[in-house]
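The values are calculated or read from the model by the stated rules, or taken from the named source; none is laboratory data. This one's a predicted model, so the numbers in the text were calculated from it and none came from an experiment. For neighbour counting, all protein chains shown are included, and Cβ atoms are generated from backbone atoms with ideal geometry for every residue, glycine included.
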Amino acid sequence: MSSIRNPKHWFACVLVAFALDASADDLGTLFDAIDAGDDAKVDALIAAHPVLAGSHDGYGVTPLVHAVLLGRTGIAAALVDEGADPDQPDMSTYLSPLHHAAWNGDAAATRVLVEGGADLELPGDQGLTPVMIAARVGAADAVKVLVGAGASLEAKDDMGATTLFHAAAARSPAVLEYLKETGHLDEEARDDLDRTPLHWAAQAGRMANVKLLLEAGFSPGVCDKYGSLPWDVTADPKISKVIEARWKKEVKAQKKPAMPACMFAALTATTLPPLGGQGMGGDVLVDGDPDTPPPPSLGRDALIAEVKRGVWMEKSAVSNCIEPKTHGKGKKKKKKKKGGKGPVTSPWINLILWVDGSGNLARSEVTAFGGAASDPSACVQKALAGLAFPEPEEGPILVSVSMDLQ
C-alpha cells in the first residue's frame, strides 16, 4: 500500500472503493497525486483505472473538484478528457466544478470546464450561476470566458439579482468596467426588493463601484421597497456623503424635489389612503401652523397635532441651525423698516417627518428653507433626533411642518 498523505482520504476512499474496479489505495493515491500536482502519476492512474475519473471520496469530493480547488488546471483537463463529469457537484457544498472555478476566479480552469461541456446556467447555492459568482469575486477574465461561451447576464438568482448586482458588490470594479464597455449597465435593473446595483455597491462598502455607477448615470434618488435610498444602506459615511452629494447635484441641475418622491410612496403605499391633491403624489401632508387644527378628513388629528407640537417645542434648537445670509464682508443684511423699499426676508424652513408604527421619529427631512447661508439639513436632523410620540393606531404617518424661524 502506498503512503497516503491525508489519512482522511484513505478512510473515505474505502467507503466507495467497493463500487469501483479499483482499490481504495488507488483512489487515495489519485487524490495524493492531485495534491502534489503530479500530472504523470495522475495520467498513469487514470489510464490503469478510467473509472477513477468519475469517482468521489466518502466526503463527496470528486477528483475534478479537488483539482479545480487546488488550481491544477492541467490535471483538471486530463480528468475531463477521461470522462469526468464537469457538472458533478461535490456533496459537501453541492457546487459544481465550474462554480468552484468561478469562486477561485480561475479563468484557465473555467475555460477547461466550459470546453468540456459544463452547464453555464447551472444554479448553485442561492440560485447563483457561475457567471454571477465570478462577477461577485471580481474575476473579470473568468466572466469574459463565460460570457463568450454564452452565459446569460440576465439570469436571476433567488433574490432576483442579475450578474450586474453581484459585480456591483465585488471588491474590484473590474467586472463593472467590463459590463460598461459591453453595454450591460442597466440603469433600470431592480432586484426583488426593488434595490438597484447602486444599493448593492453602497451596502457592500465599495466606493470605486459606487463612483463608477454614479458616473454611468445610476440615480441616487431611487428607493427600495422599504423606502431606503442608496445612501441609507451603507455603513461607510464617506460613501453616504458621495451619493448624497450626487443627489444634491441632480436636484440643483434638474430642479428635482429636494427629497426623492419614491420615499413617500414606499412608506405610505400600504398604510395611508391616497388623498387627491394633498401633498406630493397623494401622500398625507398637513400644514405646520400649530394653531390650525388638521383637516378632520385625515382621521389622525390627535397624533398629527402632537407631532406638530413636539416639533414646535424644538423651534429654538432648529433656529440655531439657520446661519443667516451675509452681504458684503461678513455683515448681516439689515431688515427693511416698515414702509421701506423691498420685502423683509425672515428665515424659514419646511420639514417632512416620518413617524413609524411605534411612534418614533424614524426620519426628518428638510425639503425647503430660506434666509439661510447654508443647508441646515444635518443640523436639523440632529436637533429632532430624540423626538418620540404616542403609538399610531393606523401605522406610520407623514407630517409636513412649515416653520417661521424669525
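For the stretch 56-110, residues that are assigned to a loop (DSSP other than H, G, I, E, B) and closer than 14 Å to L122 by Cβ total 10. Counting only residues that are more than 19 Å from L69 (Cα to Cα) and assigned to a loop (DSSP other than H, G, I, E, B), the stretch 31-54 holds 1 of them.
Out of (1) under 30 Å from D119 (Cα atoms); (2) more than 14 Å from the chain's Cα centre (by Cα); (3) of a type in the set (D, E); (4) modelled with pLDDT under 95, the odd one out for E177 is which? E177 satisfies all of (1) under 30 Å from D119 (Cα atoms); (2) more than 14 Å from the chain's Cα centre (by Cα); (3) of a type in the set (D, E); (4) modelled with pLDDT under 95 except (4). If you filter the stretch 185-197 down to residues that are closer than 18 Å to D157 by Cβ and not charged (D, E, K, R), you find that the one that is modelled with the lowest pLDDT is L193. When we screen A170, A109, A139 for residues that are over 23 Å from L64 (Cα atoms), buried (at least 20 other Cβ atoms within 10 Å of the Cβ) and among the aliphatic types (A, V, I, L, M), the only hit is A170. Within the stretch 212-223, the residues that satisfy the criterion of being out of contact with any Phe, Trp or Tyr (no Cβ under 7 Å at 6 or more places or on another chain), in a loop (DSSP other than H, G, I, E, B) and crowded, with 22+ Cβ neighbours inside 10 Å are F218, C223.
Quick check on the stretch 138-149. Is at least one of its residues acidic (D, E) and modelled with pLDDT under 95? Scanning the stretch 138-149 turns up no residue that is acidic (D, E) and modelled with pLDDT under 95. With the condition kept exactly as written, say whether any residue in the stretch 187-206 is in contact with a helix residue (DSSP H, G or I) (Cβ under 6 Å, 6 or more places away or on another chain) and under 19 Å from K144 (Cα atoms). No, that holds for no residue. Of the residues in the stretch 375-388, at least one is loosely packed, with under 14 Cβ neighbours inside 10 Å, at pLDDT 75 or above, hydrophobic (A, V, I, L, M, F, W, C) and not in a strand (DSSP E or B). Of all residues in the stretch 173-204, those that are exposed (fewer than 15 other Cβ atoms within 10 Å of the Cβ) and farther than 13 Å from V143 by Cα total 6.
Per the conditions (1) touching a Lys or Arg at 6+ places or on another chain (Cβ under 6 Å); (2) of a type in the set (A, V, I, L, M); (3) surrounded by fewer than 19 Cβ atoms within 10 Å (Cβ to Cβ), the sole criterion not satisfied by M207 is (1). Taking residues in the stretch 85-99 that are at positive phi, and partners anywhere that are modelled with pLDDT under 90, the pairs with Cβ atoms closer than 8 Å and at least 6 places apart or on different chains are Y94/G124; Y94/D125.
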